[in-house]
Amino acid sequence: MQRQDFRCLHRIEVRWSEVDAQKIVFNAHYLMYADVAVTDYWRQLGLPYEASFAALGGELFVKKASVTYRAPATLGDVLHVGIRCVRQGNTSLQFEAGVFRGLDLLNTVELVYVFADAATRQPLPVPQALRDLLTAYEAGESVVRTQSGSWNDLGRDAERLRLAVFVREQGVPREIEIDEFDPVARHAVVFNGLGQPIATGRLVSDGPGVGRIGRMAVDRNVRGGRWGRMVLDSLLDASRQRGDREVVLHAQRHAESFYLRAGFTPEGEPYEEAGIPHITMRKVLAS
């Protein structure tokens with residue numbers, strides 16, 4: 001087993017609470033590391049766990065968990081935990097985790113889950129939709145799709161995400177969030193393999209040759225899974241195609257580094273919109 005055998009690698013730094021007097025990781029923590037990596041696995045599939053498994057009509061319950069120890073991890077180690085689905089049974093899924101320090105394999109963890117009714121915990125066949133997603137992901141295929149269109153095309157899904165993120169999560173008034181620009185904007189939405197919207201944004205005009213991107217929102221359960229960047233790239237492409245020379249946006253300060261990585265540059269002083277710190281950022285588009 002090698003690191004390159006895994007498509008999903010989760011980074012963990014060993015903390016004081018996870019080690020004994022010799023600064024060696026307690027054995028039980030390797031199961032925790034694997035469990036955290038499984039959570040990241042669903043994020044990389046674009047599946048908000050609770051909503052997705054409710055749509056699938058069941059829940060996953062651990063049937064078996066075992067660890068094979070090779071070498072200890074110690075305080076301060078930076079570990080990478082690879083996780084992959086190695087077997088699909090009729091009602092079960094088997095995952096294998098590898099705990100690596102650099103390229104060295106320290107431990108392996110086997111996790112067997114049973115798909116079952118959430119209330120009765122009676123086993124159910126693993127849904128074909130989930131089987132297809134797992135097979136595609138492990139084969140390196142795309143498990144999401146990006147759709148770009150009008151408010152008539154995408155408004156229902158975009159609004160659902162924006163209300164969850166901006167109104168319920170951040171406390172922005174609904175009358176500010178859904179505005180007069182939506183009917184004339186270009187919208188982009190990323191859908192997961194179950195057809196659920198997981199990220200959205202919009203593009204409007206900010207003047208001749210200048211686009212303005214905004215209302216960027218990602219389902220909180222799948223953040224960190226590159227979905228926001230897919231929306232941003234789609235809107236930047238749409239801006240280029242209509243002949244814009246540059247794009248401006250009002251970035252929430254906590255997301256400033258995200259836009260910096262995409263080539264945006266901050267300008268001016270920070271300010272507040274709807275009680276949230278923002279900064280204006282700009283990107284010149286290549287001709």
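Please tell me if residue 205 is hydroxyl-bearing (Ser, Thr, Tyr), closer than 20 Å to residue 286 by Cα and at pLDDT 95 or above.
It is false that residue 205 is hydroxyl-bearing (Ser, Thr, Tyr), closer than 20 Å to residue 286 by Cα and at pLDDT 95 or above.
Counting only residues that are out of contact with any Pro (no Cβ under 7 Å at 6 or more places or on another chain) and among the aromatic types (Phe, Trp, Tyr), which one in the range 137-181 is nearest to residue 241 (Cα to Cα)?
181
Looking only at residues in the range 1-19 that are touching a Phe, Trp or Tyr at 6+ places or on another chain (Cβ under 7 Å) and in a helix (DSSP H, G or I), which one is farthest from residue 45 (Cα to Cα)?
18
If I filter the range 149-162 down to residues being surrounded by fewer than 17 Cβ atoms within 10 Å (Cβ to Cβ) and small (Gly, Ala, Ser), which single residue comes out as nearest to residue 179 (Cα to Cα)?
150
Out of everything in the range 163-181 that is aliphatic (A, V, I, L, M) and within 19 Å of the chain's Cα centre (by Cα), what residue ends up being surrounded by the most Cβ atoms within 10 Å (Cβ to Cβ)?
165
So residue 200 passes all but one of these: (1) on the phi < 0 side of the Ramachandran plot; (2) out of contact with any Lys or Arg (no Cβ under 8 Å at 6 or more places or on another chain); (3) not basic (Lys, Arg). Which condition number does it fail?
It fails just one condition, (2).
The values are calculated or read from the model by the stated rules, or taken from the named source; none is laboratory data. Here the structure is a predicted model, which means the values were calculated and not measured. Cβ coordinates were reconstructed from backbone atoms using ideal geometry, including for glycine residues, and neighbour counts include every protein chain displayed.
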